[in-house]
Amino acid sequence: MRLSLRKNSRNHQLIPTTNTSSKQQRQPATRPSPLDIPEILERIFFFIIDEQTLLHTVLLVCRQWFHMNQSRILRQVSWDHRVSDDRYLYKIPGAGRLLWQCGWFVDDQVRWNKMIERLKVAHRQYLVRCQEDEKDNTGGLRTAQERLRMYQDKVMWRRTRDSLYFSPLRELDLRGAIQTSTRVAGLLPLVPALTHLRIRTSSAMVLDINSILSHCTLLEVLHVEAVGYNNVIQIPGLWRPITTTADKDASPAHRTPGTLRSFVLGRAIFEQSNLEDMLEHTPHLEVLHLIHLIKGNDQYDEAGLATCDYDWRRLVRLLTTLPLTSTLRSFHFSLLKDTATAGETAEMYAALIDDLPNLIDWTVSGNDLVTSAPLILNRNLHRLPDVISSLKIHWTSSREPYSDFQYGVHPSLQPPPSSIRADKTNWWATIKVVHQYLCRSPNVQEFKLMNGYYLLFHMDIYDRRKYNYSDQSALRWDKIAGVNIDLVPGNPIWACRNLQSLDLDLRCFKTGEVVYDVQLRVLNGYVARVCPRLRHLSIHIPPPCTEGGIPQRSALQLRLESGLCLLARLECLERLHYNLNTSECDLWDLNWMIPSGQSEKFKAKRWEKMARWCTWREEEKRLETGRDHRLDQRDTGKGLSTVQEQLKNLGLILDVMEMVKEMDREGFRCLPVLSRLCIGSEFEQTPAEEIRRIFAPKWALFR
């Protein structure tokens with residue numbers, strides 16, 4: 001208590017009095033919460049790499065968190081030479097992510113040059129801002145207050161405009177006919193801040209890895225692969241990452257460690273010693289995939305790669321001696337044409353499990369599975385049931401073993417019929433083992449089957465894909481190209497309820513004929529019920545067959561009756577990629593995925609369409625009469641029984657009708673967190689942009 005002395009006018013005594021302000025006790029200083037300290041928050045936010053988590057959670061907490069993280073949300077520009085116009089090119093400066101689909105035509109080279117010009121503009125803007133930052137940091141003749149005020153104004157301007165809409169290019173995805181290596185070489189000086197580079201070329205090319213690592217010193221992800229039967233990526237020269245100016249003259253042992261975390265090569269030819277040299281300077285590497293490497297031969301003499309050879313044993317021995325052994329979580333090694341024996345395959349996978357104990361994401365060669373699928377999946381990988389979270393299967397090419405079905409190879413180039421029949425028999429046996437593995441692996445969170453095809457009848461647990469409606473031609477599914485298929489109903493169901501990413505090439509066809517919506521209802525209904533926590537879904541269904549050497553267009557359409565709306569049950573789905581045809585679709589078949597499609601007008605359109613399904617529903621009742629839907633009870637548990645009950649209408653038009661009714665219920669939200677959608681094109685866009693692209697002529701009529 002604070003006291004003061006006041007003189008009494010009568011007796012002149014000093015009387016102590018209490019100051020009124022002293023009644024307010026001084027509060028002790030409180031220690032700030034760790035979440036109030038920006039430096040600590042920056043460290044926490046560094047580990048949040050999922051853009052959807054940032055958008056839907058972190059940015060919405062408070063103003064401070066919004067300002068600290070909005071610069072991490074990248075603006076995306078997608079260019080597809082088949083559908084995009086030149087107006088998209090003017091959006092490139094300031095975009096953080098660029099997706100570019102190249103074509104073979106002369107106009108594509110012109111547009112590529114325009115894209116380079118826009119990147120030059122963006123690079124100049126980036127350099128100007130860097131110079132401004134340096135000038136502000138030097139101080140100059142300005143007072144401290146002036147510098148502080150200018151800095152605050154600049155930060156606020158960047159937080160409201162620059163960080164959100166203008167940033168240096170950080171992610172670049174190139175696909176299609178990248179005809180010359182000079183295209184990539186011309187890009188590199190313009191993207192010094194690049195962290196992700198993905199190249200998927202449909203033409204042969206020569207790539208300079210050393211140039212990429214030298215220009216893009218912040219690069220964390222480098223994925224390069226060639227697609228197509230005869231395409232290959234040639235990588236001559238040394239791979240020595242240079243991360244600083246001092247590294248140019250330094251010896252390899254004294255170079256600054258690289259930032260690379262994920263490195264993937266597909267259908268490439270190179271010297272293994274160059275790769276090993278690079279690995280010694282990438283201590284943070286987490287993913288190393290060498291997919292279907294090509295041995296040197298006379299075809300590649302011009303690049304000096306005529307004698308290339310690869311040794312996985314030497315590579316694994318090197319990895320065990322490097323610091324990246326503690327960080328490496330995914331490794332794959334396979335050759336294009338050399339199929340290992342069962343003994344060699346067993347040796348390699350046993351060595352990986354023993355020498356690289358931190359592997360949790362497994363990528364398997366489809367060629368190895370053909371020779372020893374039970375050995376790999378049942379004996380080797382099943383030793384780690386609680387560790388493996390990701391399984392990817394790479395096949396050599398989608399031409400094999402279906403070259404006669406899909407691509408119309410000339411009869412003179414096809415292998416003998418007996419060889420084709422044997423390959424297909426091995427294929428179906430292999431896929432059956434893969435299906436059985438998924439049915440007893442509850443911890444798998446990611447599954448990808450690339451350049452090969454999963455078979456629909458493993459999902460059709462009630463054997464309904466053969467249903468023949470009155471307006472559809474009868475299909476015989478008991479035989480395909482003379483090879484018997486086991487169609488016994490009661491297939492076990494996948495056990496991976498926590499699956500978050502699914503990427504499938506699916507085979508559901510009949511040679512010489514087309515297939516219809518019932519197959520898609522089986523697929524969509526199965527995925528929606530069995531994998532309720534999916535975040536990423538990609539489905540690719542090829543043309544069903546070839547006729548006279550000419551690929552036939554699939555009759556599968558993403559109409560309302562195909563059951564795409566069954567995926568509306570996936571509350572966590574963020575990205576959806578479906579490659580099917582939409583030429584016969586109406587706007588209301590697909591626009592339920594966006595808020596504008598939930599208006600009363602479009603709901604009425606969908607109900608009007610469902611009214612025409614009464615005949616189909618009556619036929620279904622007739623076909624269902626007397627059928628026994630009991631499943632194999634070998635793996636029955638409480639959760640599995642629940643899923644079986646939910647799948648009772650799998651493949652029926654009734655399942656779609658009930659889903660449409662549920663979508664119209666008040667408070668129901670269709671795909672509430674869906675942020676990227678791609679239907680029949682190459683790149684993902686926002687759902688509204690993709691629907692607008694598909695129905696561009698009709699969009700103005702129904703806005």
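Values as computed for the structure displayed
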{"read-out": "Given (1) surrounded by 18 or more Cβ atoms within 10 Å (Cβ to Cβ); (2) under 24 Å from H284 (Cβ atoms); (3) out of contact with any His (no Cβ under 9 Å at 6 or more places or on another chain), index of the condition S214 fails", "value": "(1)"}
{"read-out": "Candidates T256, T217, T180, filtered to the one that is modelled with pLDDT of 75 or more and either under 22 Å from P168 (Cβ atoms) or out of contact with any Ser or Thr (no Cβ under 7 Å at 6 or more places or on another chain) (or both)", "value": "T217"}
{"read-out": "Which numbered condition I44 misses (of (1) under 28 Å from R118 (Cβ atoms); (2) surrounded by fewer than 17 Cβ atoms within 10 Å (Cβ to Cβ))", "value": "(1)"}
{"read-out": "Residue ID - modelled with the lowest pLDDT, chosen from residues in the stretch 443-487 that are touching a strand residue (DSSP E or B) at 6+ places or on another chain (Cβ under 9 Å) and of a type in the set (S, T, N, Q)", "value": "S473"}
{"read-out": "Residues (touching a helix residue (DSSP H, G or I) at 6+ places or on another chain (Cβ under 8 Å) and over 23 Å from S78 (Cβ atoms)) located in the stretch 663-689", "value": "M663, D664, F668, C670"}
{"read-out": "Condition met for P323 (modelled with pLDDT of 75 or more and surrounded by fewer than 19 Cβ atoms within 10 Å (Cβ to Cβ))", "value": "yes"}
{"read-out": "Residue, farthest from Q500 (Cα to Cα), within the stretch 520-529, restricted to residues that are within 20 Å of the chain's Cα centre (by Cα) and of a type in the set (A, V, I, L, M)", "value": "L523"}
{"read-out": "Matching entry among L375, L352 (being at pLDDT 80 or above, more than 24 Å from the chain's Cα centre (by Cα), not in a loop (DSSP other than H, G, I, E, B) and not charged (D, E, K, R))", "value": "L352"}
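Okay, residues lined up against (1) at pLDDT 85 or above; (2) surrounded by fewer than 16 Cβ atoms within 10 Å (Cβ to Cβ):
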| site | (1), (2) |
| --- | --- |
| L590 | yes, no |
| P595 | yes, yes |
| K605 | yes, no |
| E620 | no, no |
| D632 | no, yes |
| D635 | no, yes |
| Q644 | no, no |
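The values are calculated or read from the model by the stated rules, or taken from the named source; none is laboratory data. What you are looking at is a predicted structure, and each value in this text was computed from that prediction instead of being measured. Please note: Cβ atoms are built from the backbone with ideal geometry, for glycine as well, and neighbour counts cover all protein chains shown.
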